Amino acid sequence: MTEALLTLISTALINNLVLHWPLGVDPLLASQRRPVQALGVATTCLMLIVGVLGYALWHWLLMPLQVTALSLFVLLPLSVLLINPVLTGLSRVFPALSFEGLWPLLLGNAGVLGVALFNVRNDQGLLSATALSLGAGLGFWLALSLFNDMRQRTLDNDVPLPFRGLPIDLIGAGLIAVAFLGFSGLIKT
C-alpha cells in the first residue's frame, strides 16, 4: 500500500507527465477557452480507466498469447474508443460541468496513451498501474490548473507585444516545470 501511495505522489508531482515528460502538452496549450475543471476531471478519469484496462489487457491477453509487440495497436484504439463513454458518463455524474467539445482535446492527449504504455513497461502489478494512472491524471489536472492561473495572470499584466500569446505560455510552462523540479528530493528510494 505504501508503494502505491509513493507511486501516486511521485507521478503527480515529481514525474509529472506534462512537465517532466512532455506528454499531454497540446491539450494544455489548447485549453484556453475550455472549462478547466471539466477537462481535468475527464482526463483524470480517462487516464485511470485506460491505464487500468490497458494493463489488464496486456497482462491477461497479450502476454498469454505472446503478442506483446502489438501492445500499441491494442492500447491506442482502447484509448480512442473509451473517450465517448467516459464523457457521457461524466456528464451524467457531474451535470454542472460542461463536457461538450472536449472530445478533440482528449483524442489529441498523448498522455493517456503514455500512461498505458508506462504501465505496460513497468509491469509492477494492477495496484501500481492504478496508482500510476491516477497520479498521472491528478498531475495533469494540477498542471492544467496552474497553467490556467498563470495564463489569467499574464492577461491581467502588461506583457511586451512579442511575448503575448503562445511565447509567454511556453515560458510560463518552462518556469512551472522548473518549479516542479523542487519536488525531486521529496521521495527517496
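Taken over the stretch 2-16, the criterion of being farther than 14 Å from Asn122 by Cβ and touching a residue at least 40 places away in the same chain (Cβ under 8 Å) is satisfied by Leu5, Ile9, Ala12, Leu13, Ile14, Asn16.
Is there a residue in the stretch 26-36 that is β-branched (Val, Ile, Thr), buried (at least 20 other Cβ atoms within 10 Å of the Cβ) and in contact (Cβ under 8 Å) with a residue 60 or more places away in the chain?
Within the stretch 26-36, the subset β-branched (Val, Ile, Thr) is 36.
Remaining after also requiring buried (at least 20 other Cβ atoms within 10 Å of the Cβ): none.
Checked against the condition, which is being β-branched (Val, Ile, Thr), buried (at least 20 other Cβ atoms within 10 Å of the Cβ) and in contact (Cβ under 8 Å) with a residue 60 or more places away in the chain, the stretch 26-36 yields no hits at all.
When you look at Val50, is it at pLDDT 80 or above, buried (at least 19 other Cβ atoms within 10 Å of the Cβ) and of a type in the set (A, V, I, L, M, F, W, C), yes or no? First the steps, then the outcome.
Values: at pLDDT 80 or above: yes; buried (at least 19 other Cβ atoms within 10 Å of the Cβ): yes; of a type in the set (A, V, I, L, M, F, W, C): yes.
Answer is yes for this residue.
Checking the stretch 159-168 against the condition returns no match, with no residue being closer than 23 Å to Thr11 by Cα and either surrounded by fewer than 17 Cβ atoms within 10 Å (Cβ to Cβ) or out of contact with any Pro (no Cβ under 8 Å at 6 or more places or on another chain) (or both).
The values are calculated or read from the model by the stated rules, or taken from the named source; none is laboratory data. Computed from a predicted structure; not experimentally measured. Positions of Cβ are generated from backbone atoms using ideal geometry, with glycine treated the same way; all protein chains shown enter the neighbour counts.
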